C-alpha cells in the first residue's frame, strides 16, 4: 500500500464541534459542554461529497444523577432522540449511554444536541463521533 500524505489537520488541537477528516477516517470530539434546560449543540458540521459511517457516543460527563435528553439531526430533521432516566428503575449512574451507529449521507448538515431535562442547572455533557469516510 502506498504511503498516504497526512495534512496539517491531522494534529489534534482540542475539542470542537466540527468534523475532522484524516485520510479515510474522521472524528468529532465536543469536549465538555455545560448544558442547562435549553437544547444545546454538542456537535455541528456538514459532510462533503462522501458518505460517512460513524459511531456516536453521547453521555453525561459530570453529574450522572441528572436526567438528560439527546437529539441527532440530519439536515434539521430529527433522526434519533432519547432521554436518560437515572432516577427511575432503569437508571444507572455508572454506565455510559450506548453508542449509536449512523451512516451520514453526502452533503448533509449534522447536529447533536443535549439538554438537562430535570431542572435548570448546568450539567456537563460530551459527544464523541468516530468513523470512516467512503467515496
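The values are calculated or read from the model by the stated rules, or taken from the named source; none is laboratory data. Predicted, not measured: the structure shown is a model, and the values here were computed from it. All Cβ positions, even for glycine, are placed from backbone atoms using ideal geometry, and neighbour counts span all protein chains on display.
Residue 69 meets each of the listed conditions (1) over 23 Å from residue 15 (Cα atoms); (2) at pLDDT below 95; (3) part of a strand (DSSP E or B) apart from (1).
When restricted to residues that are surrounded by 19 or more Cβ atoms within 10 Å (Cβ to Cβ) and either on the phi > 0 side of the Ramachandran plot or touching a helix residue (DSSP H, G or I) at 6+ places or on another chain (Cβ under 6 Å) (or both), the stretch 101-127 contains 0. Scanning the stretch 80-109 for residues that are assigned to a loop (DSSP other than H, G, I, E, B), modelled with pLDDT of 60 or more and over 23 Å from residue 37 (Cβ atoms) returns 98, 99, 105, 106, 107, 108.
You will find that of 59, 47, the residue that is under 17 Å from residue 81 (Cβ atoms) and touching a residue at least 60 places away in the same chain (Cβ under 8 Å) is 59 and no other.
Based on this model, can you work out whether residue 126 counts as modelled with pLDDT under 95, within 13 Å of the chain's Cα centre (by Cα) and closer than 20 Å to residue 21 by Cα? Criteria met by residue 126.
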